[in-house]
Amino acid sequence: AVAKGIDNFTNGTLTVKFKTIAGEADRASGILFNVKPNGDWLAVRYNDTEHNIALWEFHNGVRRNVKFSDRAKPFPLDRAAWHELKLVVDGAKLSTYIDGQLALEHTLGSEPVPGRRGPPHEDLYPKNNPVLRPPVAGKVGLWAKTDSTSQFKDFTVDAK
């Protein structure tokens, strides 16, 4: 869901409170940002089945993981409670917080590292993917995965 009236968020803070209620395939809730006119985007999300935070990109019709939070530090959240997901965009630096705790940092334009499945896909290199190059500039909104049932409230956009 893209927020109306916010056409070019570049720097600042995006915050939302969420509850991830249900989902058979997955249960994930997040913040959508850097949404381009061609449909490319970035999103940070909390996954209730994996108990992690991740940064995802969507480019050329395919969604790929850019970075996961530290697997050794899971975030097992109570599904019955509201939780706060916050993204701070400061130039190329992205910082994601869950309930006030820093969960993930990434710098746009940085080269990808090998993941769980080996070397990075070519689209994860910023030279091949404009959505991964600074600066952040685009629409913002909310994101949920596949068959997730999520509730959102108090979505705020504080431009810097």
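The values are calculated or read from the model by the stated rules, or taken from the named source; none is laboratory data. Small disclaimer: the values here were computed from a predicted structure and weren't measured. Don't worry about glycine lacking a Cβ; one is built from the backbone with ideal geometry, like all the others, and counts go over all protein chains shown. These area figures cover heavy atoms from the full protein model, side chains too; ligands, DNA and RNA do not enter into them. Shrake-Rupley method; radii C 1.70, N 1.55, O 1.52, S 1.80 Å.
Data for the structure
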{"read-out": "Among (1) farther than 28 Å from H121 by Cα; (2) open to solvent by 40 Å² or more (accessible area, probe 1.4 Å); (3) at pLDDT 95 or above, the one test that I21 misses", "value": "(3)"}
{"read-out": "Matching option when the condition is free of Cβ contacts under 8 Å to residues at least 24 places away in the same chain, under 23 Å from D154 (Cβ atoms) and among the charged types (D, E, K, R), among D90, D78", "value": "D78"}
{"read-out": "In the range 118-153, the residues that are loosely packed, with under 12 Cβ neighbours inside 10 Å and among the hydroxyl-bearing types (S, T, Y)", "value": "T146"}
{"read-out": "Unique residue being open to solvent by less than 40 Å² (accessible area, probe 1.4 Å) and over 17 Å from T146 (Cβ atoms) when the list is G5, G12", "value": "G12"}
{"read-out": "Cβ-Cβ under 6 Å pairs, at least 6 apart or on other chains, the range 56-70 side more than 14 Å from P130 (Cβ to Cβ), far side in a strand (DSSP E or B) and open to solvent by 50 Å² or more (accessible area, probe 1.4 Å)", "value": "W56/R63"}
{"read-out": "Among the candidates G91, G109, G115, residue that is over 22 Å from T10 (Cα atoms) and open to solvent by less than 60 Å² (accessible area, probe 1.4 Å)", "value": "G115"}
{"read-out": "Subset of the range 48-82 (residues that are farther than 11 Å from L104 by Cα and in contact with a Lys or Arg (Cβ under 6 Å, 6 or more places away or on another chain))", "value": "D48, T49, W56, E57, W82"}
{"read-out": "All positions within the range 38-85 that are among the β-branched types (V, I, T) and either in contact with a Gly (Cβ under 6 Å, 6 or more places away or on another chain) or open to solvent by less than 10 Å² (accessible area, probe 1.4 Å) (or both)", "value": "V44, I53"}
{"read-out": "Residues of the range 112-147 classified as more than 17 Å from the chain's Cα centre (by Cα), at pLDDT 95 or above and not in a helix (DSSP H, G or I), total", "value": "1"}
